[in-house]
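> Before anything else, here's the structure in question.
The values are calculated or read from the model by the stated rules, or taken from the named source; none is laboratory data. Bear in mind the structure is a predicted one, so any value in this text is a computation, not a measurement. Here the Cβ positions follow ideal geometry from the backbone for every residue, glycine too, while neighbour counts run over all protein chains shown. For accessibility, only protein heavy atoms count, side chains too; no ligands or nucleic acids. Shrake-Rupley method; radii C 1.70, N 1.55, O 1.52, S 1.80 Å.
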Amino acid sequence: MNKIKIIQGDITTLKVDAIVNAANTTLRGGGGVDGAIHRAAGPELDVACARFHGCNTGEARITPGFRLPARYIIHTPGPFWQGGHHGEAQLLHNSYYNSLALAAQQHCETVAFPSISTGVYAYPLDQAAEVALTTIADFLKNNQVVQTVFMVCFDPRTLTAYQQAYQELNR
Ligand code: ADP
């Protein structure tokens, strides 16, 4: 059975088929998890990302993992929080959904996500967790390729928010 696992850790260390990067629309690296992934994957990653000439919010692109233990990196710019009335929830849903669709297309069985948009992009954590987990659960119900999705929380506050959202959804 395919499932969701909520864990605390550093996404760059995971040996999974694909990790997802909370990128920005340039795809040329930035702070937070994006910077950590580019540092760990090595300079080849920026060369590969440059070829895309950017990516719209909510869309996704895939590259090799280069020096990472993961085989692939899926890059998706999540929405910047602007109060909640600028399509943020739909765009965040699109980021998770399109990343999973790309992973399935590349026959990935294990996929790891960071908490997209809840760092510099300031999306409220509880609301982001609900969108993330609902989208992942719906995708897993309808897809036979992706078996396990890890939600990788960097800090205890993020871990608690995702654990609580998960309990609410399974109530
Ligand atoms: P965004 O711009 O989409 O908000 P950030 O990188 O600022 O992206 O933050 C997204 C989440 O990723 C935050 O919860 C942040 O703490 C977390 N994060 C930062 N570094 C890592 C890492 N190495 N592994 C997993 N999560 C990370």
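> Based on what the data block shows, is Gln163 touching a strand residue (DSSP E or B) at 6+ places or on another chain (Cβ under 7 Å) and more than 15 Å from Asn21 (Cβ to Cβ)?
So Gln163 passes the test.
> In the set His93, His75, His53, which member is out of contact with any Pro (no Cβ under 7 Å at 6 or more places or on another chain) and over 25 Å from Asp155 (Cβ atoms)?
Exactly one of His93, His75, His53 is out of contact with any Pro (no Cβ under 7 Å at 6 or more places or on another chain) and over 25 Å from Asp155 (Cβ atoms), namely His53.
> Is at least one residue of the stretch 77-94 open to solvent by 70 Å² or more (accessible area, probe 1.4 Å), under 22 Å from Gly31 (Cβ atoms), polar (S, T, N, Q) and modelled with pLDDT of 95 or more?
So far as the stretch 77-94 goes, yes, one or more of its residues are open to solvent by 70 Å² or more (accessible area, probe 1.4 Å), under 22 Å from Gly31 (Cβ atoms), polar (S, T, N, Q) and modelled with pLDDT of 95 or more.
> When the residues of the stretch 12-41 are filtered to those that are open to solvent by less than 10 Å² (accessible area, probe 1.4 Å) and closer than 11 Å to Ala112 by Cα, which remaining residue is farthest from the ligand (Cβ to nearest atom)?
Ala18
> Shifting gears a bit: Residues to consider are Ile116, Ile73, Ile136; find the one that is within 12 Å of the ligand (Cβ to nearest atom) and either in contact (Cβ under 8 Å) with a residue 24 or more places away in the chain or not acidic (Asp, Glu) (or both).
After ruling out the rest, the residue left standing is Ile116.
> Here's a follow-up. Among the residues of the stretch 132-140, are any over 20 Å from Asn170 (Cα atoms) and touching a Phe, Trp or Tyr at 6+ places or on another chain (Cβ under 9 Å)?
No, the stretch 132-140 has no match at all.
> On to the next question. I'd like the full set of residues that are among the polar types (S, T, N, Q), part of a loop (DSSP other than H, G, I, E, B) and either out of contact with any strand residue (DSSP E or B) (no Cβ under 8 Å at 6 or more places or on another chain) or at pLDDT 95 or above (or both), limited to the stretch 1-50.
Result: Asn24, Thr25, Thr26.
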